[in-house]
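Reviewing the structure listed below.
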Amino acid sequence: MTEPFTIRCRENGPLVLSANVRIVDHLGNEFPLPQGKELVALCRCGHSQNKPFCDGSHKQCGFQGSNVAIQS
Ligand code: FES
């Protein structure tokens, strides 16, 4: 049995996932992924100049994102 695909929410930062993925725009065109990386970081602060990827801007804009999953 394989592990489910996991997207990790970094505290006050991006969503991080395996680079073994295709990310496409609203037209179905694929974004080139950073070469040689095992992980991809997606912006969730809205301030990246390279969306959908994180460019580190969350550090300057003071993004707060520390939501935790409710355990049932
Ligand atoms: S989460 Fe990093 S630039 Fe938005």
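The values are calculated or read from the model by the stated rules, or taken from the named source; none is laboratory data. All figures in this text were calculated on a predicted structure; none of them were measured in a lab. Note that each Cβ is placed from the backbone with ideal geometry, even for glycine, and that neighbours are counted across all protein chains shown. Ligands, DNA and RNA are excluded from the accessible area calculation, which covers all protein heavy atoms including side chains. Shrake-Rupley method; radii C 1.70, N 1.55, O 1.52, S 1.80 Å.
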- prompt: What spacing in nm lies between the two simple spin-label points modelled at Leu33 and Glu11, each 7 Å away from Cα in the Cβ direction?
  reply: 2.7
task: Can you work out the accessible area per residue across the chain, with the rest of the protein chains kept in place, probe 1.4 Å, in square angstrom?
output: 82
query: Hey, rough spin-label estimate for Lys59 and Met1, points 7 angstrom out along Cα→Cβ, what's it come to in nanometres?
result: 4.0
- prompt: Going by a ≥ b ≥ c, the root eigenvalues of the Cα gyration tensor, does the chain fall in the rounded group (a/c under 1.5), the prolate group (a/b larger than b/c) or the oblate group?
  reply: oblate
task: May I ask you to give the percent of accessible area on the chain that is carbon plus sulfur, with a probe radius of 1.4 Å?
output: 50
task: Name the residue farthest towards the positive end of the dipole of the chain from the options Cys54, Val21, Asn67, assuming +1 on Cβ of Lys and Arg, -1 on Cβ of Asp and Glu, about the Cα centre.
output: Asn67
- prompt: About its Cα centre, what dipole magnitude does the stretch 1-66 give when the only charges are +1 on Lys and Arg Cβ and -1 on Asp and Glu Cβ, stated in debye to the nearest 20?
  reply: 140
- request: Search the structure for amide H atoms under 5 Å from the amide H of Ile23, placed 1.01 Å from N in the peptide plane, and list their residues when 5 or more places away or on another chain.
  value: Phe31
